[in-house]
1. Condition (residue is modelled with pLDDT under 90, small (Gly, Ala, Ser), part of a loop (DSSP other than H, G, I, E, B) and within 18 Å of residue 41 (Cβ to Cβ)) applied to the range 132-152: is it met by at least one residue?
2. For the range 109-134, name all the residues that are buried (at least 18 other Cβ atoms within 10 Å of the Cβ) and under 17 Å from residue 72 (Cα atoms).
3. Only one of (1) in contact (Cβ under 8 Å) with a residue 24 or more places away in the chain; (2) part of a helix (DSSP H, G or I) fails for residue 61. Which number is that?
4. For the range 91-108, name all the residues that are buried (at least 17 other Cβ atoms within 10 Å of the Cβ) and aliphatic (A, V, I, L, M).
5. Scan the range 78-95 for residues that are of a type in the set (S, T, N, Q) and farther than 28 Å from residue 119 by Cβ and jot them down.
6. Exactly one condition in (1) more than 22 Å from the chain's Cα centre (by Cα); (2) within 23 Å of residue 78 (Cβ to Cβ); (3) surrounded by fewer than 17 Cβ atoms within 10 Å (Cβ to Cβ) is false for residue 172; which is it?
7. Can you confirm whether residue 69 is in contact with a helix residue (DSSP H, G or I) (Cβ under 8 Å, 6 or more places away or on another chain), outside any helix (DSSP H, G or I), at pLDDT 95 or above and closer than 26 Å to residue 157 by Cα?
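The values are calculated or read from the model by the stated rules, or taken from the named source; none is laboratory data. Because the structure is a prediction, the values reported are computed rather than measured. Note: ideal-geometry Cβ built from the backbone for every residue, glycine included; neighbour counts use all protein chains shown.
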Amino acid sequence: MTALLARLRDDQSGVSLVEFAVILPVMLLVYAGSFQLADAVSAYRKVTTTTRALVDLTTQSSTLTAADIDANFAAASQILAPYSSKMVRMRITQISTDAGGVSRVDWSKAFQGAPYQDGQIIAVASGIRQNATAILLAEIDYRYVPAALPAMIGTIPFRDQLYMNPRRSARIALQ
């Protein structure tokens, strides 16, 4: 019996298999985590690009209709692909600042969310706000569902906003 135990203790033939079995779960977790991190970064970049596209498309007009804004929302949501547009809320708002420095909503439209109320006072950062001008604000809220381990990680909220001046006129009229 002692000889059998000594032989098993000195046998090195299965060490690699045991080490691999111990390391495999850690390797799989690192792989899934790095895949998930790369996918989340990609989704956040899509949100940022979508925000930029939405405000950029809107600022190129001097007048808009509700159908034009819906078309801008549709075009912007295509940028999110391959991520689902069912998890996104978009809002585009024109904000006018009067001579006294008070910023109010001229008009606001939303996709799968709530617009601001016309005339609502809204806070605009002092570095962006200029008296007697109008700016456009695009806001995107996206609820990212991880591809790997969604039950373990949960939904991650991504949010982006961008201000831009109208390009073709001082204000964009909504008809």
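1. Taking every residue of the range 132-152 in turn, at least one turns out to be modelled with pLDDT under 90, small (Gly, Ala, Ser), part of a loop (DSSP other than H, G, I, E, B) and within 18 Å of residue 41 (Cβ to Cβ).
2. 109, 111, listed by residue number.
3. (2)
4. 92, 95, 105
5. Hits for the range 78-95 are 78, 84, 85.
6. Going through (1) more than 22 Å from the chain's Cα centre (by Cα); (2) within 23 Å of residue 78 (Cβ to Cβ); (3) surrounded by fewer than 17 Cβ atoms within 10 Å (Cβ to Cβ) one by one, residue 172 breaks only (3).
7. Numbers: in contact with a helix residue (DSSP H, G or I) (Cβ under 8 Å, 6 or more places away or on another chain): yes; outside any helix (DSSP H, G or I): no; at pLDDT 95 or above: yes; closer than 26 Å to residue 157 by Cα: yes.
No; evaluated as a whole, the condition is false for this residue.
One line per residue, one yes/no per condition, for (1) over 16 Å from the mean Cα position of the chain (by Cα); (2) within 30 Å of residue 149 (Cβ to Cβ); (3) in contact (Cβ under 8 Å) with a residue 40 or more places away in the chain:
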{"residue": "34", "(1), (2), (3)": "yes, yes, no"}
{"residue": "54", "(1), (2), (3)": "no, no, yes"}
{"residue": "66", "(1), (2), (3)": "yes, no, yes"}
{"residue": "87", "(1), (2), (3)": "no, yes, yes"}
{"residue": "109", "(1), (2), (3)": "yes, no, yes"}
{"residue": "116", "(1), (2), (3)": "yes, no, no"}
{"residue": "120", "(1), (2), (3)": "yes, no, no"}
